[in-house]
Amino acid sequence: MNEVKWLDSAVFYEIYPQSFKDTNGDGIGDFRGIAEKLDYIKELGCTAIWMNPCYDSPFLDAGYDVRDYYKAAPRYGTNDDLKALFGEIHRRGMHILLDLVPGHTSWEHEWFRQSCRGERNEFTDRYIWTDNTWEAPEGMNALIGIAERVGACGVNFFSHQPALNYGYYKPKPDKPWQQPTDAPGPKATLEAMKDIMRFWLNMGCDGFRVDMAPSLIKNDEDRKGVIALWQDVRAFLDREFPDAAMVSEWGEPDKSLLGGFHMDFLLHFGPSHYNDLFRCDKPFFGGEGDASEFVKTYKENLAKSGGKGLMCIPSGNHDMIRLAKYLRGDELKMAFAFLMSMPGAPFIYYGDEIGMRYVEGLYSVEGGYERTGSRSPMQWDGTENAGFSTAPADKLYIKLDPSADRPTAQAQMNDPGSLLNEVKKLVSIRAEHKALQSRGDIVFVSAGGPGEPLAYVRSGAGERILVVLNPTDSKVTVAAGGVPDRQIYSLGGTAEANGSDITAEPRSACWYVLR
Ligand code: GLC
Ligand code: CA
């Protein structure tokens, strides 16, 4: 597989297009708004963007319910506007991943309408249908009583997201509607998805973040079927688009990398213990928590993926409660000192760089439910609607954080001690040291158990860098695993080197180059 070089030093910025910047006063973000703010993202030091789905959709799941994969959602602009945005991004030396949603469509997609028809047609097998209206596919919720045809159609997430049919890894003989992965229906679905990828890659996008990547093949416990499916996609990309970058929402890097993805996301659900660090009653970076289970699973994944920790750790995303609900002040800075010194490309969720808060008490917008409070408009400045939009406040896509002291990008730009400036600093130091970037190695020297710091040595390109994160109330000493040479980052006091030991102040962080 071709290595995509720019991923090695990439720092991503996730844009939820609805809430980033509105330029035509309709209360919802758009492509032109993103183009206007590219310099802000570049100045932050980010080199790449992941944009949430921007395709035509009824928006019952914020666009993860695609109605037409080939058409930009008119509320954001036209396909030409999107192409122009790609151009603006590339002109700045940056890259963009679109969000590919291969597992399901909206129930308004034309494929699904055709698939519902009684008479057999090209799309009859495009989705997972049983042959009995009263029998849902095992382990899935289903749509029943909505079609001319006989059968129940499995859904992947919400009820309006029917599951595309890529087949069953082990179809059951007594269930003839479970098709093998090489049956014509599943094969046609995969080819249709490749055509969609071709279309956007030809238009100029640099690759995809793939939604629910392990879910495509059913009855596939060890994921052997879906790994083979992604290897097939990998072969297609190697042939036609060797420079396309692929990042999976999967959570098992060994399997994802085997499937031909370049990097995998660390998930906030499942076994990762990611939440122990950031999002729980006692998060590690809050000072009284425990990072050791996180470190344990991280090391397991590292070992399973050949020592390559190509796991992208996000500051947050559109599915998680905002970081600033659990962490404050310097705790947030320390969390970023962690994020910017880990392997894999880090992802900054828009607004996390200024500590945007979770907006409490909102009604659900576009299937957001509890996620809605993390999707509020970006707070740019102190003008009307925080500079997000000129629409009347009640026309905004989601209500703004109503608090008088809500953070804004502009105020933080002018404050040397702000979170924004700290994040900038961290990103720029990462950019100067290959050892800190995506592919550098990592060895843990302190696992962050109760009362302990989290410390690790990153190495690469002939350099070794010790990272010590001590959110506790006590001074701590760690064995550096080398002779400390010079400190390149400090928060909350300078660390002291003594022989091959480093002593860090309470609530402090340091990055130290070792000799
Ligand atoms: C992914 C997305 C989430 C969406 C779901 C269904 O988890 O991140 O926002 O609701 O898939 O597509
Ligand atoms: Ca708009």
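The values are calculated or read from the model by the stated rules, or taken from the named source; none is laboratory data. The model shown is predicted, which means the values in this text are computed figures rather than measured ones. Because the Cβ atoms are built from the backbone with ideal geometry, glycine has one as well, and the counts that use them run over all protein chains shown. Ligands, DNA and RNA are excluded from the accessible area calculation, which covers all protein heavy atoms including side chains. Shrake-Rupley method; radii C 1.70, N 1.55, O 1.52, S 1.80 Å.
Which one of these is in contact (Cβ under 8 Å) with a residue 12 or more places away in the chain, of a type in the set (D, E, K, R) and within 20 Å of N301 (Cα to Cα): R223, R234? Write out each step before concluding.
Details: R234 fails: within 20 Å of N301 (Cα to Cα).
Answer to the selection: R223.
Show the residue pairs that are 6+ apart or on different chains and have beta-carbon atoms under 6 Å apart, the first residue being within the stretch 252-281 and over 20 Å from D220 (Cα atoms) and open to solvent by 40 Å² or more (accessible area, probe 1.4 Å), the second being not in a helix (DSSP H, G or I) and not small (G, A, S).
Final answer for the pair search is H268/M320; N275/H268.
For G93, state whether it is more than 11 Å from ligand 2 (Cβ to nearest atom), out of contact with any Lys or Arg (no Cβ under 7 Å at 6 or more places or on another chain) and part of a loop (DSSP other than H, G, I, E, B).
Details: more than 11 Å from ligand 2 (Cβ to nearest atom): yes; out of contact with any Lys or Arg (no Cβ under 7 Å at 6 or more places or on another chain): yes; part of a loop (DSSP other than H, G, I, E, B): yes.
Considered against the rule, which asks whether it is more than 11 Å from ligand 2 (Cβ to nearest atom), out of contact with any Lys or Arg (no Cβ under 7 Å at 6 or more places or on another chain) and part of a loop (DSSP other than H, G, I, E, B), G93 comes out as yes.
For G309, only one of the following conditions fails: (1) in contact (Cβ under 8 Å) with a residue 24 or more places away in the chain; (2) in a loop (DSSP other than H, G, I, E, B); (3) surrounded by fewer than 22 Cβ atoms within 10 Å (Cβ to Cβ). What is its number?
Going through the list (1) in contact (Cβ under 8 Å) with a residue 24 or more places away in the chain; (2) in a loop (DSSP other than H, G, I, E, B); (3) surrounded by fewer than 22 Cβ atoms within 10 Å (Cβ to Cβ), G309 breaks only (3).
Out of everything in the stretch 44-64 that is of a type in the set (S, T, N, Q) and over 11 Å from Y16 (Cβ atoms), what residue ends up being nearest to ligand 2 (Cβ to nearest atom)? Give the derivation first.
Filtering the stretch 44-64 for residues of a type in the set (S, T, N, Q) gives 47, 52, 57.
After this cut, where a residue has to be over 11 Å from Y16 (Cβ atoms) as well, the list is 47, 57.
Numbers: T47: 26, S57: 16 Å.
Only one residue fits best here, namely S57.
Return the pairs, sorted by first residue and then second, in which the second residue is away from ligand 1 (no atom under 16 Å from the Cβ) and modelled with pLDDT of 95 or more, the first residue lies in the stretch 91-110 and is more than 13 Å from Y70 (Cβ to Cβ) and among the charged types (D, E, K, R), the beta carbons are less than 7 Å apart, and the residues are 6+ apart or on different chains.
Taking only residues 6 or more apart or on different chains, the pairs are R92/L38; R92/K42.
Here is a check on your reading of the model: is W111 of a type outside the set (K, R), away from ligand 2 (no atom under 16 Å from the Cβ) and open to solvent by 60 Å² or more (accessible area, probe 1.4 Å)? Lay out the reasoning, then the answer.
Details: of a type outside the set (K, R): yes; away from ligand 2 (no atom under 16 Å from the Cβ): yes; open to solvent by 60 Å² or more (accessible area, probe 1.4 Å): no.
Spelling it out, it is not the case that W111 is of a type outside the set (K, R), away from ligand 2 (no atom under 16 Å from the Cβ) and open to solvent by 60 Å² or more (accessible area, probe 1.4 Å).
Within the stretch 179-229, track down each residue that is under 26 Å from I89 (Cβ atoms), of a type outside the set (G, A, S) and in a helix (DSSP H, G or I). First the steps, then the outcome.
Of all residues in the stretch 179-229, those under 26 Å from I89 (Cβ atoms) come to 193-213.
After this cut, where a residue has to be of a type outside the set (G, A, S) as well, the list is 193-203, 205-206, 208-212.
M193, K194, D195, I196, M197, R198, F199, W200, L201, N202, M203 - these are the residues of the stretch 179-229 that are under 26 Å from I89 (Cβ atoms), of a type outside the set (G, A, S) and in a helix (DSSP H, G or I).
With the checklist (1) touching a residue at least 12 places away in the same chain (Cβ under 8 Å); (2) open to solvent by 10 Å² or more (accessible area, probe 1.4 Å) in hand, flag the one item I49 doesn't pass.
Just one mismatch for I49, condition (2).
Which residues, counting only those in the stretch 30-76, are over 30 Å from K424 (Cα atoms), of a type outside the set (A, V, I, L, M) and either part of a loop (DSSP other than H, G, I, E, B) or touching a Cys at 6+ places or on another chain (Cβ under 6 Å) (or both)?
Our first condition is that a residue be over 30 Å from K424 (Cα atoms); within the stretch 30-76, this holds for 55-61, 63-75.
This time we only want the ones that are of a type outside the set (A, V, I, L, M), so: 55-59, 61, 63-65, 67-71, 74-75.
Selection gives S57, P58, F59, D61, G63, Y64, D65, R67, P74, R75.
Do we find that L362 is touching a helix residue (DSSP H, G or I) at 6+ places or on another chain (Cβ under 6 Å), surrounded by fewer than 21 Cβ atoms within 10 Å (Cβ to Cβ) and assigned to a loop (DSSP other than H, G, I, E, B) in this structure?
Numbers: touching a helix residue (DSSP H, G or I) at 6+ places or on another chain (Cβ under 6 Å): yes; surrounded by fewer than 21 Cβ atoms within 10 Å (Cβ to Cβ): yes; assigned to a loop (DSSP other than H, G, I, E, B): yes.
So L362 fits the description; yes.
Just to be sure, is Y76 away from ligand 2 (no atom under 13 Å from the Cβ), of a type in the set (F, W, Y) and open to solvent by less than 10 Å² (accessible area, probe 1.4 Å)?
On the way: away from ligand 2 (no atom under 13 Å from the Cβ): no; of a type in the set (F, W, Y): yes; open to solvent by less than 10 Å² (accessible area, probe 1.4 Å): yes.
Considered against the rule, which asks whether it is away from ligand 2 (no atom under 13 Å from the Cβ), of a type in the set (F, W, Y) and open to solvent by less than 10 Å² (accessible area, probe 1.4 Å), Y76 comes out as no.
Return yes or no: is R328 within 26 Å of G493 (Cα to Cα) and of a type in the set (K, R)? Write out each step before concluding.
Numbers: within 26 Å of G493 (Cα to Cα): yes; of a type in the set (K, R): yes.
Here the answer is yes, as R328 does meet what is asked.
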